[in-house]
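The values are calculated or read from the model by the stated rules, or taken from the named source; none is laboratory data. Predicted model, so just to flag it, every value in this text is computed and none were measured. Cβ placement follows ideal geometry from the backbone for every residue including glycine, while neighbour counts extend to all protein chains displayed.
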Amino acid sequence: MNMQEDAKKYYLKTLNINHQNVLANTNLGQLYLLTDMLEEAKQCFLKSLQFNPRDAETLSNLGQLYYRLNMLEQAKEYYLSALQIDPYLLGALNNLGVLYQDLSFLEGALECQLKALETNPSSISTLNNLGKIYQDMYKLEEVKEFFFEGFES
């Protein structure tokens, strides 16, 4: 048996004792998410929210699930809901920033990543995301420059 199976076994044991255990439901959902069992992950996250509808981590996890399903509007709503509860939830800030980058909403992406950097100044993923945003912004400025130069000729 591998470690993921061991983890699953203990989460399920916990849930057999107390099916309302939000942490076990959320952790099992994260395990399912990591192993591409997306429907199972969704069910675990939704069950967690039944028992604690204001669990920011679970809301963020649902955002990640919908992002993986390329359902970006739903992902955005879950990230925003998580951030209403915990405005400095690093995962939700990073993930919302990446989603905004995907949508070419670079100002929103930058705002999310800078707030994430306030939360954890040594976060490698945040620093990398900021580098990519600034790189994309530079390209945008460069494209604007060429575009307007063509009109001036």
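Which residues, counting only those in the range 16-33, are within 20 Å of Leu59 (Cβ to Cβ) and either β-branched (Val, Ile, Thr) or not in a loop (DSSP other than H, G, I, E, B) (or both)?
Of everything in the range 16-33, those that are within 20 Å of Leu59 (Cβ to Cβ) and either β-branched (Val, Ile, Thr) or not in a loop (DSSP other than H, G, I, E, B) (or both) turn out to be Val22, Leu23, Ala24, Asn25, Thr26, Asn27, Leu28, Gly29, Gln30, Leu31, Tyr32, Leu33.
On the basis of being of a type in the set (S, T, N, Q), more than 29 Å from Pro53 (Cα to Cα) and at pLDDT 90 or above, does Ser153 make the cut?
Numbers: of a type in the set (S, T, N, Q): yes; more than 29 Å from Pro53 (Cα to Cα): yes; at pLDDT 90 or above: no.
So Ser153 fails the test.
Among the residues of the range 86-109, write down those that are touching a helix residue (DSSP H, G or I) at 6+ places or on another chain (Cβ under 6 Å), within 12 Å of Tyr67 (Cα to Cα) and surrounded by fewer than 20 Cβ atoms within 10 Å (Cβ to Cβ).
none
Out of everything in the range 41-75 that is surrounded by fewer than 15 Cβ atoms within 10 Å (Cβ to Cβ) and among the charged types (D, E, K, R), what residue ends up being nearest to Gln4 (Cα to Cα)?
Arg68
Restricting to helices (runs of 4 or more DSSP H) lying wholly in the range 34-102: which have 2 or more residues that are out of contact with any Lys or Arg (no Cβ under 9 Å at 6 or more places or on another chain) and under 17 Å from Cys112 (Cα atoms)?
56-68, 72-85, 90-102
Return only the number of the condition from (1) within 27 Å of Asn52 (Cα to Cα); (2) assigned to a helix (DSSP H, G or I) that Glu111 does not satisfy.
It is condition (1) that Glu111 fails.
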